[in-house]
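Data block below; observations after.
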Amino acid sequence: MRIVSYTLGILFVLFSLVQLNDPDPLFWILAYMIPAIASFLFTHRKLNQHVLLALAIMYLIGCIIWFPPSFQEWIYAEGEASSLGMKLPMIEEARESMGLLMCSLTFVFFWLKSKAKSSNASV
């Protein structure tokens with residue numbers, strides 16, 4: 001489990017470094033550093049299950065808010081942008097939304113693992 005936690009932590013640190021050239025880097029660096037820190041803290045059992053669940057819900061809400069209004073238009077725009085070699089705001093929002101979804105799924109994974117550990121410890 002430590003290998004998975006450290007790997008996820010390192011990946012999220014790398015994700016935050018990629019955000020340095022983003023138009024709003026502070027927000028996105030912080031958004032990716034929170035799961036990075038959580039990954040490292042989870043390895044040392046320093047995270048509460050309630051905190052993990054709250055973070056998972058907050059990031060999922062962010063994912064839903066940032067997702068473009070039309071899934072079909074996003075898929076079409078992704079194809080157009082790749083063929084034209086340009087970035088559209090809708091594509092940027094969809095990619096940011098997917099990043100938040102990955103963070104949320106990471107928190108859910110850690111929450112499930114900590115829940116399983118606590119139920120095994122009480123037996």
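Where a number appears in this text, it was derived from the coordinates with a stated rule and is not lab data. From a predicted model like this one, the values you see are computed outputs, not experimental measurements. FYI the Cβ positions are ideal-geometry reconstructions off the backbone, even for glycines, and counts take in every protein chain you see.
Below, the figures for the structure above:
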| read-out | value |
| --- | --- |
| Simple spin-label estimate for S119 and H44 in nanometres, 7 Å along Cα-Cβ | 2.8 |
| Charge sum, other residues only, whose C-beta stays under 14 Å from P25's C-beta, Lys/Arg counted +1 and Asp/Glu -1 | -4 |
| Distance (nanometres) between label positions extended 7 Å along Cα→Cβ at I3 and L105 | 2.0 |
| FRET efficiency estimate (nearest 0.05) - Cβ-Cβ, I37 to I61, R0 22 angstrom | 0.65 |
